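So the structure is just underneath, and the comments pick up after that.
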Amino acid sequence: MTRMTRQTVDASTRVGAGARGRTGIVHLGLGNFHRAHLAVYTALAGGGDWGIVGVANRSRTVVDAMTAQDHLYSVVTLDPAVQDVGVIDVHRRLLVAAEQPGDVLDVLADPGHRIISLTITEAGYHLDATTGELDLSSPGIADDLAARPAQGTLPSTMLGLLAYGLLRRHATGGAPVTVLSCDNLVANGDTVRRAVLGFCRAAGADAGADDAFFDWVERSVTFPNSMVDRIVPAPTETTRQTAQQVLGLEDQAAVPAERFTMWVLEDRFAAGRPTWETAGAVFSYEVGAYEMVKLRLLNAAHSLIAYLGGLDGRPTIPAARGEEFIERCTRVLLEQENLPSIDLPRGFNPKNYLEQLFDRWNNTVLGDLTSRVGSDGSTKLPQRIPAPSLRMLETGQIPRMNALTVAGWIACTVPPVGSDPGEVAAAMQEPRRESLQQAVADATSVREHVQAVLRTGVLPDELVAHTAFVDEVVTDLELIITEGVRAAAARALGE
Ligand code: CS2
């Protein structure tokens, strides 16, 4: 089978500016989501000055596959009605941060690059769940703070690279730049600003973080908030086969995605931007409201579906969402616990949005996995659980489904000794698994187990201080272990 390249691919299936033109964007985090979201909007906007330098974190897989294909890859849009394949031609250079950190700093400092965008996952921001600030003790951060690129010691985390990249940019002329987070974080722009400036402050003046640097950031660097949305599972052999059937070419870098896509962002760009609005992006100063909708409705419910589904042996989101008890729990979470906590954007119709969510989760062709959504819970839950839960607890109500989500996460990823959450749960990744297991090693009861997990700082102190919340998680976890997830759900539903 012929490999996809600029020569072999049919021009009518290709979007983007091709090999011509300059690179204007450095994107940190060359994952599936970026390739089906920001890259697609940028390719559709078409501008020749906005080619992307894509920076993968550690893995060479995508970089090697795309390099062998002139940086092309296809996005395979999957829904029951239509399967559509488009080739994205917008990346012009690819780097692997773990192998080429010096090159990454160079491209970040290059004045020709006017936007630094990020999809580094929630874990990549190294946040303290209680303060929302950078956690200086987080693995990788302490080493990076001691790095001194000018003397040849280079950072290894994406956040460290971003910080030293900005420091170098300032030291070499200070061309203005926009840092654009495209991760699912509360106020992602404000958050990345706080994290990166917190890093620079801790790195200190001898790393170049002096008053002049902070003044420059104030004047010349913007950090717009943005709400990003598109369900993008990990590619499988079926994704590659679908691309091959449609294109008649082999594409080892194909990405699957749902048809739905949404991007709402603030129009605060320090040095220009592509005309993303021509590709459907919405520039708005109500990003905060859209982001609450996204995090507290789509993402929070996604976590609940993933953990209940995982414990019930359902490998996919559509299979989990199709279980009646899971749908009932999800509706209570959405309608009674989380929706009332949101100041909705103007003109927003919550009823339609919720029905659309259930449809999106029903996408069997896309086949998103419960193990994907259930992974990295310790970094996702702090963005999804605290605000709606606190709102209820403060008025004497118990956020039962939020608590059940936390119990489900514990049951799946740090199960108490003797309980087996099953194969689907075992496939969920958890970056803090080892430290969580250490924390619970001496627990002699489910209560002690839950308390030990919550004491690790995974959720903010303010929430953990509510004994009614902790009691609810304990009750749920006890039931999950002794009678199963369906019994726990039935009790939480008041049945
Ligand atoms: C999911 C998100 O990983 C998760 O927990 O909730 O990746 C979700 O699919 C996207 O945010 C959809 O935009």
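Would you check which residues across region 391-404 are more than 16 Å from the ligand (Cβ to nearest atom) and either closer than 24 Å to P233 by Cα or in a helix (DSSP H, G or I) (or both) and list them? Give the derivation first.
Here is the first cut: in region 391-404, the ones more than 16 Å from the ligand (Cβ to nearest atom) are 391-400, 403-404.
Hits for region 391-404 are R391, M392, L393, R400, A403, L404.
Give the residues of region 486-495 that are open to solvent by 50 Å² or more (accessible area, probe 1.4 Å) and assigned to a helix (DSSP H, G or I), sorted by residue number.
Residues of region 486-495 that are open to solvent by 50 Å² or more (accessible area, probe 1.4 Å), as a first pass: 486, 491, 494-495.
Hits for region 486-495 are R486, R491.
Can you tell me which residues in region 282-318 are more than 13 Å from the ligand (Cβ to nearest atom), touching an Asp or Glu at 6+ places or on another chain (Cβ under 9 Å) and within 24 Å of T482 (Cα to Cα)?
Answer for region 282-318, where residues must be more than 13 Å from the ligand (Cβ to nearest atom), touching an Asp or Glu at 6+ places or on another chain (Cβ under 9 Å) and within 24 Å of T482 (Cα to Cα): L308, D312, G313, R314, P315.
Which residues, taken from region 192-208, are at negative phi and open to solvent by 10 Å² or more (accessible area, probe 1.4 Å)?
Residues satisfying the conditions are R193, R194, L197, G198, R201, A202, A205, D206, A207.
Of the numbered conditions (1) of a type outside the set (D, E); (2) touching a helix residue (DSSP H, G or I) at 6+ places or on another chain (Cβ under 8 Å); (3) surrounded by fewer than 21 Cβ atoms within 10 Å (Cβ to Cβ), A68 satisfies every one except a single condition; which is it?
A68 satisfies all of (1) of a type outside the set (D, E); (2) touching a helix residue (DSSP H, G or I) at 6+ places or on another chain (Cβ under 8 Å); (3) surrounded by fewer than 21 Cβ atoms within 10 Å (Cβ to Cβ) except (2).
Go through region 147-161 and give me each residue that's within 18 Å of L28 (Cα to Cα) and free of Cβ contacts under 8 Å to residues at least 40 places away in the same chain. Before the answer, list the steps.
Of all residues in region 147-161, those within 18 Å of L28 (Cα to Cα) come to 154-161.
Those that are within 18 Å of L28 (Cα to Cα) and free of Cβ contacts under 8 Å to residues at least 40 places away in the same chain: T157, G160.
All but one of (1) within 16 Å of the ligand (Cβ to nearest atom); (2) surrounded by fewer than 22 Cβ atoms within 10 Å (Cβ to Cβ); (3) among the basic types (K, R) hold for R321; which doesn't?
(2)
When V26 is evaluated against the numbered criteria (1) of a type outside the set (S, T, N, Q); (2) in contact with a Lys or Arg (Cβ under 6 Å, 6 or more places away or on another chain); (3) not in a helix (DSSP H, G or I), which criterion, by number, is the only one it fails?
(2)
Does R360 fit the bill of being at pLDDT 95 or above, of a type in the set (D, E, K, R), within 12 Å of the ligand (Cβ to nearest atom) and outside any loop (DSSP other than H, G, I, E, B)? Don't jump to the end; show me each part of the working.
On the way: at pLDDT 95 or above: yes; of a type in the set (D, E, K, R): yes; within 12 Å of the ligand (Cβ to nearest atom): yes; outside any loop (DSSP other than H, G, I, E, B): yes.
So R360 fits the description; yes.
Residue-wise test of (1) closer than 19 Å to R328 by Cβ; (2) free of Cβ contacts under 8 Å to residues at least 24 places away in the same chain; (3) over 22 Å from the mean Cα position of the chain (by Cα).
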residue: K351; (1), (2), (3): yes, yes, yes
residue: Q383; (1), (2), (3): no, no, no
residue: R391; (1), (2), (3): no, no, yes
residue: N402; (1), (2), (3): yes, no, no
residue: T405; (1), (2), (3): yes, no, no
residue: V414; (1), (2), (3): no, no, no
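Looking at (1) within 16 Å of the ligand (Cβ to nearest atom); (2) free of Cβ contacts under 8 Å to residues at least 40 places away in the same chain, which one does A257 not meet, given that it meets all the others?
(2)
Taking T61 as the residue in question, decide whether it is open to solvent by 10 Å² or more (accessible area, probe 1.4 Å), within 23 Å of A234 (Cβ to Cβ) and within 16 Å of the ligand (Cβ to nearest atom). Spell out the reasoning first.
On the way: open to solvent by 10 Å² or more (accessible area, probe 1.4 Å): yes; within 23 Å of A234 (Cβ to Cβ): yes; within 16 Å of the ligand (Cβ to nearest atom): no.
Answer is no for this residue.
Here are some conditions: (1) more than 16 Å from the ligand (Cβ to nearest atom); (2) not in a loop (DSSP other than H, G, I, E, B). V228 meets all but one. Which one does it not meet?
If we test V228 against (1) more than 16 Å from the ligand (Cβ to nearest atom); (2) not in a loop (DSSP other than H, G, I, E, B), just (1) comes out false.
Please enumerate the residues belonging to region 37-72 that are out of contact with any Leu (no Cβ under 7 Å at 6 or more places or on another chain), farther than 27 Å from M262 by Cβ and touching a residue at least 12 places away in the same chain (Cβ under 8 Å).
Correct list: R58, S59, R60, A65, A68, Q69, D70.
Failed condition for K294, given (1) open to solvent by 20 Å² or more (accessible area, probe 1.4 Å); (2) under 18 Å from the mean Cα position of the chain (by Cα), with all others met?
Result: K294 passes all but (1).
For A407, are the conditions met, namely being in contact with a Leu (Cβ under 8 Å, 6 or more places away or on another chain) and modelled with pLDDT of 95 or more?
Details: in contact with a Leu (Cβ under 8 Å, 6 or more places away or on another chain): yes; modelled with pLDDT of 95 or more: yes.
Yes: the conditions hold for A407.
Here's the yes/no breakdown for (1) touching a helix residue (DSSP H, G or I) at 6+ places or on another chain (Cβ under 8 Å); (2) at pLDDT below 95; (3) closer than 19 Å to T121 by Cα:
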| site | (1), (2), (3) |
| --- | --- |
| E218 | no, no, no |
| F223 | yes, no, yes |
| Q252 | yes, no, no |
| L265 | yes, no, yes |
| A271 | no, no, no |
| G280 | yes, no, no |
| F283 | yes, no, no |
| A300 | yes, no, yes |
| G322 | no, no, no |
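Could you list all residues from region 438-485 that are in a helix (DSSP H, G or I) and surrounded by fewer than 16 Cβ atoms within 10 Å (Cβ to Cβ)? Before the answer, list the steps.
Within region 438-485, the subset in a helix (DSSP H, G or I) is 438-440, 446-455, 461-464, 467-482, 485.
Listed by number, the residues that qualify are Q438, E448, R455, D461, E462, T467, A468, D471, T482.
Only one of these is open to solvent by 10 Å² or more (accessible area, probe 1.4 Å) and within 20 Å of A492 (Cα to Cα): L334, L381, L311, L366. Name it.
Values: L334 fails: open to solvent by 10 Å² or more (accessible area, probe 1.4 Å); L381 fails: open to solvent by 10 Å² or more (accessible area, probe 1.4 Å); L366 fails: within 20 Å of A492 (Cα to Cα).
Testing whether each residue is open to solvent by 10 Å² or more (accessible area, probe 1.4 Å) and within 20 Å of A492 (Cα to Cα) leaves just L311.
So how many residues does region 209-248 have that are of a type in the set (G, A, S), crowded, with 18+ Cβ neighbours inside 10 Å and either farther than 17 Å from V192 by Cα or within 21 Å of the chain's Cα centre (by Cα) (or both)? I'd like the intermediate steps shown before the answer.
Step one: list which residues in region 209-248 are of a type in the set (G, A, S), which gives 209, 212, 220, 226, 234, 243, 248.
This time we only want the ones that are crowded, with 18+ Cβ neighbours inside 10 Å, so: 209, 226, 243.
This time we only want the ones that are either farther than 17 Å from V192 by Cα or within 21 Å of the chain's Cα centre (by Cα) (or both), so: 226, 243.
Selection size over region 209-248: 2.
Going residue by residue through region 382-390, is there one that turns out to be closer than 21 Å to G484 by Cβ, modelled with pLDDT of 95 or more and not in a helix (DSSP H, G or I)? Reasoning before the result, please.
Step one: filter region 382-390 for residues closer than 21 Å to G484 by Cβ, giving none.
No, region 382-390 has no match at all.
Looking only at residues that are aliphatic (A, V, I, L, M) and farther than 15 Å from L311 by Cβ in region 363-378, which one is farthest from the ligand (Cβ to nearest atom)?
Applying the first criterion (aliphatic (A, V, I, L, M)) to region 363-378 yields 365-366, 369, 373.
If we keep only those that are farther than 15 Å from L311 by Cβ as well, we get 365-366.
Details: V365: 16, L366: 10 Å.
Within region 363-378, the match that is farthest from the ligand (Cβ to nearest atom) is V365.
Being on the phi > 0 side of the Ramachandran plot and more than 16 Å from the ligand (Cβ to nearest atom): is that true of G347 here?
Values: on the phi > 0 side of the Ramachandran plot: yes; more than 16 Å from the ligand (Cβ to nearest atom): yes.
Criteria met by G347.
The values are calculated or read from the model by the stated rules, or taken from the named source; none is laboratory data. Since this is a predicted model, take the numbers as computed values, not measurements. All Cβ positions, even for glycine, are placed from backbone atoms using ideal geometry, and neighbour counts span all protein chains on display. The area values use the complete protein model at the heavy-atom level, side chains included, leaving out ligands, DNA and RNA. Shrake-Rupley method; radii C 1.70, N 1.55, O 1.52, S 1.80 Å.
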